[in-house]
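Just below is one structure, and these are the notes that go with it.
The values are calculated or read from the model by the stated rules, or taken from the named source; none is laboratory data. All of these numbers come straight from a predicted model, not from anything done at the bench. Here the Cβ positions follow ideal geometry from the backbone for every residue, glycine too, while neighbour counts run over all protein chains shown. Quick note on the areas: whole protein, heavy atoms, side chains included, nothing else; ligands and nucleic acids left out. Shrake-Rupley method; radii C 1.70, N 1.55, O 1.52, S 1.80 Å.
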Amino acid sequence: MRTIFKTLALLLIAHLSFGQRIQLGARGGANWSTMTKFDLIENITPTFRLMPSGGAALFAEFPITEQFSIRPEFAYTQKGFLVKESLNMSGTEFLGVDIPIGGTLAFKTNYLELPVLAKLKLGDPDMPHGYLAIGPSVGYMTDAKAIIRVLGLFPLRPSIGTGFFHQFELSGVGALGFEVPVGNGNIFIEGRYQHGFSRVLDIPLIELPVRNRTVGVSAGFSFPIGYSE
């Protein structure tokens, strides 16, 4: 956290020194996430499929040059996986949740995240243009829950808590977007991929290399709070 605050302070100093515009903005959209599996559990657990969910973020964009900027974000993201197949064995249990006969499962974790992205504009920044963004993200899991449907009906929502998990996550983010200047601000649409580096599960005596993978698409806007001299 100290490193992030120091980075933001340096960016603010750069802004004041070079007279660049700072942009504030927001984005929101849809995510599809899953968790990795490995050989040891591949044959004893159901197939993890992409789970649809939502996400949103507030951000500030600090221009370093006309083409290059740094974009720290404060984001809310849901991650997890979806099991579409019915589980036919009585008494099936996963992460402490009993899944009844014919039950299907959506497993969800909620994260607060702090990505810090380096953004490169592709083309004239005063015209519609594409951009690339890449950088690290630190996340904190606030909650985990399961949504179980029996025979496709009667949703159950047991809380799992965070006892089975490492709550902090380090990940990498890559994004490709298209931005359109509107007045002094911008509107944009963006696709991104997030690759978890940290293990998700915290099970005593076993270090399982299960990690989050997320793809998403979002739309947003930004507006300036300062101008070049």
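Residues in region 189-202: is at least one under 20 Å from L82 (Cβ atoms), outside any strand (DSSP E or B), at pLDDT below 75 and open to solvent by 40 Å² or more (accessible area, probe 1.4 Å)?
no
What's the number of the only condition in (1) open to solvent by 40 Å² or more (accessible area, probe 1.4 Å); (2) modelled with pLDDT under 90; (3) among the small types (G, A, S) that G19 fails to meet?
(1)
Just one of the numbered conditions (1) closer than 25 Å to G29 by Cα; (2) modelled with pLDDT of 90 or more is not true of D143; which one?
Here D143 clears every test but (2).
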